[in-house]
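Q: The following block contains the structure, expressed as structure tokens.
Here, each number is a calculation from the coordinates, and none is a lab measurement. Bear in mind that the values here come from a model prediction, so they are computed numbers and not experimental data. Please note: Cβ atoms are built from the backbone with ideal geometry, for glycine as well, and neighbour counts cover all protein chains shown.
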């Protein structure tokens, strides 16, 4: 039975009839749902009343709720924005959200004197013009490559003076080369304006000036230029033929449809209608539950998608509307984002209903493709784990793999890494770094023994504590090295009183050495198991080397200065902050050193002499 705080009734009564957001918490104090309300008191109280009449999702949610928090806002729009930010930050279990929480890529025309067309994930108010979004960087770059073939704008970031050295793009007709003065500013801006018209769905307007330019070049007997423009006209026409005209009125709108699978997976398909032409369509996977309705999925998508979108169109054609209680807030917020009227329409018949059905079919197809890809990836991973278990004669699938690697330079700053892979994927929160403490000199075997011993002694000590990550034992330990490192790790395991499957991986021929066996296991070169082992080993090496570099850099900064009498931590920090490196300090004059706070003239002379 759910236990509520004793003062719940008075807290609910004290809630304001004002807009804001609320956070529902479970017994562990974890936020499991974030919502918005025009009147906080009415909305929050509804969760603490009889469950009769509630939909299945809300009934399940309420069964886990024991407490709440509210944040009052000045307006409905502020409540919606804050709700979206908290969902991204807290990832509550019962909220619908975009699976890919990072910002999406856009195509941007910069506001420079000689504009560029680039891909970016940040929308800033700097005078640039944005188009998109695209669901992946790959699709954005594909669009950029098409644009660059059609409209030869510059790709470089260098300042244009007219005296630079020309690059390859000019020679392959993909840049007008303003860097060498091969084009005028007006001609270059015409190319950028043509690209903008093309991105806006107004590609037809490009053709007339291009055809005029081609005729003028031919009349002037500049046949090479005329041929270039002719080829560009043909390329633009070819692309425009693939853009489906669906509205003679030149409508700007987004068409949004939802698909849901049997297992709770869901996705939203958005088609972009610009100036009456269907420019493209993108699929966005959603994190949802079986109990979530299409209305809730659409509502969550609209809030999160248009929070970062470059533009909000005047019309949204929807397969389903957002939940009725949220509809006014979402509509007000969209109109504020657009700075103009926004209509949300669910077409019931005719041509617009046909558009919804077309986009809906794409949503269903893409959801199925995502599911097949996911299952394929899962099958590959299961096959790799199965093959590895069979090759190494493991008692069970190595669902948790830990790999250890040592990194040192002639025995200096020795460190080690432990990386963890769960179900074949890196579990980065469980990675661990070790500073070698008991070994002097370059002795990799002793270092490996120390590090493995520390890890599994900790496991033995905390074995009764289920909350400790150290207590969770791996299904397989991989030691980066040959028989020597493996034997050292085995000694450490025995000393800790632990028994886990362990192998050594020799770099040269990718040989896997098992305890007590003279001959190594060699996995086939094209096996999924080998690819997995190599990936685990490479990640352990990367993690160890990165940590070693950090340690080495830190020691090189401090060691030379630490040896100087009178230079303590505070003065050392001041010197590094001023000059940036020990080398720069060494190259500075005595007067420059003495200008640093806390450094006297005599100490400056001493530092100069010491370095």
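Q: Using only DSSP helix segments of four residues or longer, with each worth -39500 (n - 2.57), what per-residue ellipticity at 222 nm results for the chain after dividing by its residue count and rounding to 500? If you can, show how the numbers build up before the last one.
A: Values: 19 runs with 276 residues, N = 611.
For the chain, the value works out to -14500 deg cm²/dmol.
Q: Taking Cα centroids, how far is the range 358-393 from the range 416-492 in Å?
A: 31
Q: Of all beta bridges DSSP finds with both residues in the chain, what is the antiparallel percent, to the nearest 5? Mind showing how you got there, number by number?
A: On the way: 60 of 75 bridges.
In the chain, approximately 80 percent of DSSP beta bridges are antiparallel ones.
Q: Still on this model: Take the alpha carbon gyration tensor of the chain, find the square roots of its eigenvalues, order them as a ≥ b ≥ c, and report rounded if a/c is under 1.5; if not, report prolate when a/b exceeds b/c, else oblate. Write out the running numbers ahead of the final one.
A: On the way: a/c = 1.64, a/b = 1.22, b/c = 1.34.
Oblate, because a/c is 1.5 or more while a/b does not exceed b/c.
Q: Order by neighbour count: 193, 450, 224, fewest other Cβ atoms within 10 Å first, most last. Write out the running numbers ahead of the final one.
A: Numbers: 193 16, 450 21, 224 8.
Result, fewest neighbours first: 224, 193, 450.
Q: In addition: I'd like to compare 525-537, 7-19: which one has the highest average count of other Cβ atoms within 10 Å, and what's the full order after that?
A: Working: 525-537: 17.4, 7-19: 13.4.
My ranking of the peptides, most packed first, is 525-537, 7-19.
Q: Next question. In whole angstrom, note down how far apart the Cα centers of the range 173-205 and the range 299-345 are.
A: Here the answer is 34 Å between Cα centres.
Q: Go through 425-436, 540-551 and give me the packing order, highest mean Cβ count within 10 Å leading.
A: Result, highest mean first: 540-551, 425-436.
Q: What is the distance in Å between the Cα centres of the range 253-291 and the range 107-149?
A: 23
Q: In angstroms, what radius of gyration and Dmax does the range 253-368 have, counting Cα atoms only?
A: 13.4, 39
Q: May I ask you to derive the FRET efficiency for residue 351 and residue 372 from their Cβ-Cβ distance with R0 = 22 Å, giving the value to the nearest 0.05? Let's see the in-between values first.
A: Values: r = 32 Å, r/R0 = 1.46.
Taking R0 as 22 Å, the efficiency between residue 351 and residue 372 is 0.10.
Q: Also, I was wondering about something else. Using just the Cα positions, wrap the range 104-237 in a convex hull and report its mean projected area in square nanometres, one decimal place.
A: Details: hull surface 33.6 nm².
With the hull built on Cα positions only, its mean projection is 8.4 nm².
Q: Another question about this same structure. Rounded if a/c is under 1.5, else prolate if a/b beats b/c, else oblate: with a ≥ b ≥ c from the C-alpha gyration tensor eigenvalues square-rooted, which is the range 563-610? The partial results should precede the final answer.
A: On the way: a/c = 1.20, a/b = 1.03, b/c = 1.16.
Here the range 563-610 falls in the rounded category.
Q: Sorting check: for 211-222, 317-328, which peptide has the highest mean count of neighbouring beta carbons within 10 Å, and how do the rest follow? Write out the running numbers ahead of the final one.
A: Values: 211-222: 13.4, 317-328: 17.7.
Per-residue mean Cβ counts within 10 Å order the peptides as 317-328, 211-222.
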